[in-house]
Every structure is written in C-alpha cells, then in structure tokens.
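The structure appears below as structure tokens.
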Amino acid sequence: MGIILIAISCLLWVAILIVPFLPAQLPQKAIGTTSLVIVSEALFWVGILLTGKELAHRFRRQLNPYYWWQRVTNRR
C-alpha cells in the first residue's frame, strides 16, 4: 500500500506540469497547483511511513547528489 501511495504521489507531481495548459483562469490554476503539491506531499510521506524505515533510507540515499557523484567516480 505504501509503494502505491508513493507512485500516486509521483503521478501527481507530473500532473502539475499539465495544469498551466488547462482552460481555466489563473486563480483556478494556482489553487489546482497548490492542491496537487499538498496532496502529493501528504501521500508521499504517508507512503514512506507505511513502507518502513529501510525503504525510506534507501529512497533518501538515491536522491542524494553526493551518492550520485560517488557512483560516477567509482565507475572509473
């Protein structure tokens, strides 16, 4: 269930890119974007809580730019 919530959260972040192209007025677009950000963050953190500490640690490590640099430099 937690992984599904994290996946839905990622889809909502992608949906934010679609909001500017919707036929709506600017205030409606701002409310829509803000709502998507809040809901996606809430789903992400609830998903992290459900999946456990190990997955959260692994996910956080994957998002760390320092880890990316280590992977690039260790390939040489």
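Laboratory data are not the source of any read-out in this text; all were calculated from the coordinates shown. Every value quoted in this text rests on a predicted model; they were computed, and no experiment measured them. Virtual Cβ from ideal backbone geometry, glycine too; neighbours counted across all protein chains shown.
Here are a few things to note about the model shown:
- Going through (1) 3, 13, 18, 16, 18, 16, 11, 4, 1, 0; (2) 3, 16, 24, 21, 13, 10, 8, 4, 1; (3) 3, 15, 17, 16, 14, 13, 11, 7, 3, 1, 0, the figure that equals P(r) over Cα pairs in 5 Å bins from 0, in percent as computed for the structure here is (3).
- Using a cutoff of 8 angstrom between alpha carbon atoms and counting only pairs six or more residues apart, the relative contact order for the chain works out to 41 percent.
- Selected from Ile48, Ile18, Ile38 as most flexible by GNM, with the chain as the system and alpha-carbon contacts under 10 Å: Ile18
- Along the axis of the charge dipole computed for the chain (Cβ charges of +1 for Lys and Arg, -1 for Asp and Glu, origin at the Cα centre), the listed residues Val14, Gln62, Ile38 are led at the positive end by Gln62.
- For the pair Arg60 and Ile8 in one chain, pulling the backbone fully straight at 0.36 nm per residue adds 16.9 nm over the alpha carbon distance.
- Gain in span if fully extended, Leu50 to Arg71, counting 0.36 nm per residue against the direct Cα distance: 4.7 nm
- When the helices of the chain are scored as -39500 (n - 2.57) per DSSP H run of n ≥ 4 and the total is divided over every residue, the value at 222 nm lands at -26500 deg cm²/dmol.
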